[in-house]
Amino acid sequence: MNKRFLIVCATAFCLSACTQPPSPIDRQALVSRNNPIVERVDSLASLSVGNGGFAFTVDATGLQTFPEHYRNGVPLGTQSQWGWHSFPNPAKYTHAETLRDYDFGRGRTEPYSVQFDEAGRQHEAADWYRANPHRLHLGSIGFDGLAPEAIDDIRQKLDLWNGQINSRFTVDGEEVAVTTVCHPTQDIVAADIRTAAALPIVLRFPYPTGQHSDDACDWANDRAHRSEIVEQGDGHALIRRTLDATTYYVSLDFTGATLAQTDRNRFVLTPTADRYTFEAGFYAEAPAAPRPSFDATLAAANAYWQNYWTSGAAVDFSGCTDPRARELERRVVLSQYLLGIQCAGDYPPQETGLTYNSWFGKFHLEMIWWHEAQFALWGREKLLARALEWYATAAPIAREIAARQGFDGLRWMKMTDPSGIEAPSDIGSFLIWQQPHLIYLTELVYRADPSADFLLKYHELVEESANFMASFATYDEANDRYTLKGIIPAQETLRPAETVNPPFELAYWHFGLSAAQQWRERLGKPRNPQWDTIIAKLSPLAAKDGLYLAAETAENTYQEIRFTSDHMAVLGAVGILPASPLVEETIMHDTFDWIYDNWNWDKTWGWDYPMTAMNAARMGEPEKAVDALMMEQRTNTYLVNGHNYQDAQLRCYLPGNGGLLTAVALMCAGWDGCETENPGFPKDGTWNVRWEGLRPLP
């Protein structure tokens, strides 16, 4: 054969091989190798199933058998986005009684909803509105009469690919197998139990505690609420729950068992066969039949989760040789699952999701970006869009807040509930960085799926959010500039009366107003000239000795511990946000280095690590981006179930999980104008990261 022909053929073969697209990521293998495995009763290793607006958390038995044992770990919650309760208000407190006037030098007093240290009616009114409404624990379902020491040979797996928990253990030598699953579109938890041990199942209903952070279960107040069977048939019962003015329903369907009410708020399923099942559905209103069987619920859940994993983005770290890559992949996969089951409902999520109550079960609008932005970047923008619907409901209250303080537009509250009522707070009521979030999040949804209908649907909310931002910026005539003052910034250790021009908020004002202008242009409207004036004259970030300050008024930033603790929010000005004319790259780079080396990292929160990583990536420091994500700190701990542990009070912190996914998206897919492949990972050959389906940040 002609030698030249062989060379040509070999060259052609090499060129063909080199230009072949890489093989797709094996999604099932990626997900399944990160299935959590539990082999003992561990209060921090509880596992959950859920559908985004409802979640059911179990112990090592696959049910909620040991709630008291787990209550100070990751509690065994049954929570929904619709399940709320308020204690009676016989004193008829009004929200107006929570207001106190402040003067921030804008030529008027501004009333803010705050807590009152002084004893009296205002203090009591503020306490009532902080605690009410609070999220309910809808009911506990577990094996009756078992103690943690009574079970042996535990082998439990969360099957992520199928969205089900498979639990095996023994009781007195008898094997027990439990499959637990949640319906993807109905608030139904279902379980299949196979055992010859004849283990009854108990349903117990608690009264709420109304406490700041706990499992929301008051088991000692049985007479304050009641549970009644209002409908019963073969293998079915409908239970009505009444707690003060709150009513909800539990629909129970079962096979291989009989049901009896054994106390005012207690029901027992007694097995009559070696295999028995139940489906417990939780509803705000009495449900209509028919209800899906266990097999139908299992099939629906399996199909939903397989589609979830195959339709969104994926990142594969199996080709990396850095020893941290395996753990990073585990965190990334589990974070996708946790956010999918706990933060994909009709309202913004609470920081502890649907596992247990923090801040009385309320959600925090400054945290919605950390929970939800990742959905749009990971190809699941419809889940983000679902939560954004709530803003229209809350808009009248946001408008009232702005108006009573003398501003235009909509001022979004910080800590709230589905009603939109502003919870009184000495910190939250002075925060403003939640204000541009709606603009940023709607921008992410639009970028993922450009739609004229979406622009029209949200243009008024975007416009009015920007109108508040414009009216909040104070013109400094002496220096011909606009300032931000009278605020507590994202770094919450600063005080409102003495804080002017915090860096992240300045950069976010620039980004938010600029994005709002772009929305106007997309709709064929002229740019708002007042916004353009403010954008051009916003104060640049204040610096001293070559480093950015925590605020223009905080010149001793690097001497006082309160300025080097909590969130290092200055890094968000380039990281969360793209670089703007307000920022000088050299100063930001030096500020990053100083913070990285000197910050009080033991006084940070879970999303501070991804924020640092995003800044590092944009600053061209991929090694430090990875180091930040994997930093060994208590608040950067990820439990076996994937939860981001903070401390003894916050054992779950989902903003950390969401921030991790957002940071990884930026580190892989980059940002607008970035031409580097995997810009957030070192190019030393140890981080061969493969990904597909991710979208860049602005």
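The lone criterion from (1) of a type outside the set (D, E); (2) in contact (Cβ under 8 Å) with a residue 40 or more places away in the chain; (3) under 20 Å from L410 (Cα atoms); (4) assigned to a helix (DSSP H, G or I) left unmet by A490 is number (4). Show the residue pairs that are 6+ apart or on different chains and have beta-carbon atoms under 7 Å apart, the first residue being within segment 167-184 and under 15 Å from P148 (Cβ atoms), the second being acidic (D, E) and assigned to a strand (DSSP E or B). What qualifies is F169/D152; F169/D153; T170/D152; T170/D153. Residues being surrounded by fewer than 24 Cβ atoms within 10 Å (Cβ to Cβ), in contact with a His (Cβ under 9 Å, 6 or more places away or on another chain) and not acidic (D, E) are entirely absent from segment 674-683.
Of everything in segment 98-128, what is in a loop (DSSP other than H, G, I, E, B) and aliphatic (A, V, I, L, M)? Give them in sequence order. Before the answer, list the steps.
Going through segment 98-128, the residues in a loop (DSSP other than H, G, I, E, B) turn out to be 103-109, 114-120.
Scanning segment 98-128 gives V114, A119.
Among the residues of segment 298-334, write down those that are polar (S, T, N, Q), touching a residue at least 60 places away in the same chain (Cβ under 8 Å) and either assigned to a strand (DSSP E or B) or within 26 Å of G379 (Cβ to Cβ) (or both). Matches in segment 298-334: N302, Q306, T310, S311, S318.
Please find, among D117, D103, the residue that is at pLDDT below 95 and farther than 30 Å from T65 by Cα.
Only one candidate qualifies: D117.
Taking first residues from segment 671-694 that are touching a residue at least 60 places away in the same chain (Cβ under 8 Å) and among the polar types (S, T, N, Q) and partners that are crowded, with 16+ Cβ neighbours inside 10 Å and in a loop (DSSP other than H, G, I, E, B), the Cβ contacts under 6 Å between residues at least 6 apart in sequence or on separate chains come to T686/D322; N688/C320. Out of segment 560-573, which residues are in a loop (DSSP other than H, G, I, E, B) and either among the basic types (K, R) or within 22 Å of the chain's Cα centre (by Cα) (or both)? Result: D566, H567, M568.
In the set (1) in contact with an Asp or Glu (Cβ under 7 Å, 6 or more places away or on another chain); (2) surrounded by fewer than 20 Cβ atoms within 10 Å (Cβ to Cβ), S113 fails one condition alone, (2). When P450 is tested against (1) free of Cβ contacts under 8 Å to residues at least 12 places away in the same chain; (2) more than 25 Å from G658 (Cα to Cα), exactly one condition is not met: (2). Across segment 67-93, the number of residues qualifying as among the aromatic types (F, W, Y) and buried (at least 24 other Cβ atoms within 10 Å of the Cβ) comes to 1. Would you check if there is a residue in segment 137-157 being in contact with a helix residue (DSSP H, G or I) (Cβ under 7 Å, 6 or more places away or on another chain), over 28 Å from D346 (Cβ atoms), among the acidic types (D, E) and at pLDDT 95 or above? No, every residue in segment 137-157 fails to be in contact with a helix residue (DSSP H, G or I) (Cβ under 7 Å, 6 or more places away or on another chain), over 28 Å from D346 (Cβ atoms), among the acidic types (D, E) and at pLDDT 95 or above. For segment 649-698, the set of residues classified as closer than 30 Å to L639 by Cβ, among the polar types (S, T, N, Q) and over 23 Å from the mean Cα position of the chain (by Cα) consists of N678, T686, N688, listed by residue number. Is there any pair linking a residue in segment 221-240 that is in contact (Cβ under 8 Å) with a residue 40 or more places away in the chain to one that is of a type in the set (G, A, S), with Cβ under 6 Å and at least six apart or on different chains, and which? Here the result reads L238/S251, each pair linking segment 221-240 to a residue that is of a type in the set (G, A, S). Tell me, yes or no, whether segment 199-206 has at least one residue that is surrounded by fewer than 22 Cβ atoms within 10 Å (Cβ to Cβ), without any contact (Cβ under 8 Å) to a residue 60 or more places away in the chain, part of a loop (DSSP other than H, G, I, E, B) and over 21 Å from the mean Cα position of the chain (by Cα). Scanning segment 199-206, I find no residue that is surrounded by fewer than 22 Cβ atoms within 10 Å (Cβ to Cβ), without any contact (Cβ under 8 Å) to a residue 60 or more places away in the chain, part of a loop (DSSP other than H, G, I, E, B) and over 21 Å from the mean Cα position of the chain (by Cα), so the answer is no.
Going through segment 493-534 one residue at a time, which ones are part of a loop (DSSP other than H, G, I, E, B), more than 26 Å from the chain's Cα centre (by Cα) and modelled with pLDDT of 95 or more? Talk me through it step by step, then tell me what you get.
Within segment 493-534, the subset part of a loop (DSSP other than H, G, I, E, B) is 493-495, 499, 501-502, 523-528.
Filter once more, so that each one left must be more than 26 Å from the chain's Cα centre (by Cα): 495, 499, 501, 523-528.
Within segment 493-534, T499, N501, L523, G524, K525, P526, R527, N528 qualify.
In segment 540-567, the residues that are at positive phi and at pLDDT below 90 never reach a residue that is outside any helix (DSSP H, G or I) and surrounded by fewer than 17 Cβ atoms within 10 Å (Cβ to Cβ) with C-beta atoms less than 6 angstrom apart, at least six apart or across chains. Looking at G120, G107, G145, just one residue is surrounded by fewer than 20 Cβ atoms within 10 Å (Cβ to Cβ), of a type in the set (G, A, S), touching a Gly at 6+ places or on another chain (Cβ under 9 Å) and free of Cβ contacts under 8 Å to residues at least 60 places away in the same chain, and that residue is G107.
Residue pairs, Cβ under 9 Å, 6 or more apart or interchain, first in segment 513-526 and farther than 17 Å from F468 by Cα, second exposed (fewer than 15 other Cβ atoms within 10 Å of the Cβ) and small (G, A, S). List them. Pairs found: R522/A452; L523/A452. For segment 341-370, the set of residues classified as in contact with a strand residue (DSSP E or B) (Cβ under 8 Å, 6 or more places away or on another chain) and either free of Cβ contacts under 8 Å to residues at least 12 places away in the same chain or assigned to a helix (DSSP H, G or I) (or both) consists of I341, Q342, W359, F360, G361, listed by residue number. Between D627, D590, D597, D602, the distinction of being in contact with a strand residue (DSSP E or B) (Cβ under 9 Å, 6 or more places away or on another chain), among the charged types (D, E, K, R) and in a helix (DSSP H, G or I) belongs to D590 only.
Looking only at segment 34-69, which residues are in a loop (DSSP other than H, G, I, E, B), among the small types (G, A, S) and in contact with a strand residue (DSSP E or B) (Cβ under 8 Å, 6 or more places away or on another chain)? Listed by number, the residues that qualify are A45, S46, G53, A60, G62.
Pairs meeting the criteria (first residue in segment 587-609 and of a type in the set (A, V, I, L, M, F, W, C), second residue assigned to a helix (DSSP H, G or I) and surrounded by fewer than 17 Cβ atoms within 10 Å (Cβ to Cβ), beta carbons under 8 Å, at least 6 apart or on different chains) are lacking.
The values are calculated or read from the model by the stated rules, or taken from the named source; none is laboratory data. All figures in this text were calculated on a predicted structure; none of them were measured in a lab. Here the Cβ is made from the backbone with ideal geometry for all residues, glycine too, and neighbour counts use every protein chain on show.
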